[in-house]
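Q: Got a structure for you, questions after.
Nothing in this text is a laboratory measurement; each read-out follows from the coordinates by a stated rule. Here the structure is a predicted model, which means the values were calculated and not measured. We place every Cβ from the backbone using ideal geometry, glycine too, and count neighbours over all the protein chains shown.
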Amino acid sequence: MKWPTKKNNHQPSLLLEQQRSEKLAELGAKLCALRQEQGLSLEQVVVLTRIPRRLLEAIEAGNLNDLPEPIYIQGLLRQFAEVLGLNGVEFSGTFPVNSARINPQGIGNFSPLNQLRPIHLYFLYILLIVCSVNGLSYLLNNAVLQASNNQNQPYPRKKSVVKSELVQPKESLKVQPVSDRLSELQQEKTVQIGVTLKASSWIRVVADGKTEFEGILPEGTHRIWKAQEQLTVKTDNAGGVLMSVNQEKAKEMGEPGKEEEIRIAAKPKS
């Protein structure tokens with residue numbers, strides 16, 4: 001007599017746990033390397049993120065057992081990444097939270113939908129896009145041909161008159177390349193500042209009336225901001241902040257420990 005075999009219901013959770021552990025180790029190593037590259041200590045990251053040191057150490061070490069639920073781990077990764085200048089949503093989005101990311105073979109009822117993999121979905125998306133583009137192109141071509149026929153039939157002479165006027169160039173008119181004109185416009189209305197912290201200081205940066213940053217930056221931090229019309233930089237420790245304008249030589253904003261506010265407006269090119 002054969003006894004029915006017992007299904008292994010723990011296999012999906014074990015695979016998911018292994019995937020989380022491997023992904024956490026990969027993301028934690030990246031964050032650790034980037035933090036050290038920027039010269040930030042764990043204490044400084046604790047101040048900026050308000051995440052306990054033990055959790056930051058667990059993330060960098062890839063230790064899943066010392067961290068809370070996966071959904072909270074994803075939030076911690078997002079905060080950590082944003083402090084280092086990364087896109088926190090994109091970075092943390094690669095960490096698996098639920099079992100929908102895993103599709104182990106041989107589990108559950110067989111269905112063609114269960115066998116679809118991401119690459120199959122990509123091919124479906126590409127096919128839909130190609131069909132949509134072809135259909136839109138066909139409609140546009142028909143519309144252009146119909147409009148062209150309508151214009152040629154009632155007004156055959158008007159078209160020739162307009163063409164002859166456009167062909168005749170004016171001797172006094174000088175054509176300026178579009179790329180050169182765009183370069184001029186960018187130079188006329190652009191201002192850029194670079195800020196390097198000699199000491200940990202509070203800073204607020206306002207670009208064209210919008211607050212781009214306000215908070216404490218640790219020693220050794222280097223940031224760049226741009227604006228079309230005006231940049232305003234304010235700090236509570238002027239001697240601890242080196243500021244350069246339009247990539248010129250950096251200078252101290254003022255005396256150490258004193259509050260200072262500097263406004264820089266874009267100057268039109270003469």
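Q: Rounding to the nearest 20 debye, state how big the charge dipole of region 12-101 is about its Cα centre with +1 on each Lys and Arg Cβ and -1 on each Asp and Glu Cβ.
A: Values: 9 positive and 11 negative charges, 25 e Å.
Roughly 120 debye for region 12-101.
Q: Net charge near Asn237: determine it from the other residues with C-beta under 12 Å of the C-beta of Asn237, scoring Lys and Arg +1 and Asp and Glu -1. Intermediate values should be presented prior to the final figure.
A: Values: positive: Lys198, Lys234, Lys258; negative: Glu219, Asp236, Glu252, Glu255, Glu259, Glu260.
Net charge around Asn237: -3.
Q: For each pair in Lys226/Lys258; Lys30/Lys210; Lys30/Lys258; Lys198/Lys226; Lys210/Lys251; Lys198/Lys234, compute the distance between the two Cα atoms and list the pairs where it is over 27 Å.
A: On the way: Lys226/Lys258 25 Å; Lys30/Lys210 32 Å; Lys30/Lys258 37 Å; Lys198/Lys226 21 Å; Lys210/Lys251 24 Å; Lys198/Lys234 15 Å.
Going by Cα-Cα distance, Lys30/Lys210; Lys30/Lys258 fall outside the 27 Å limit.
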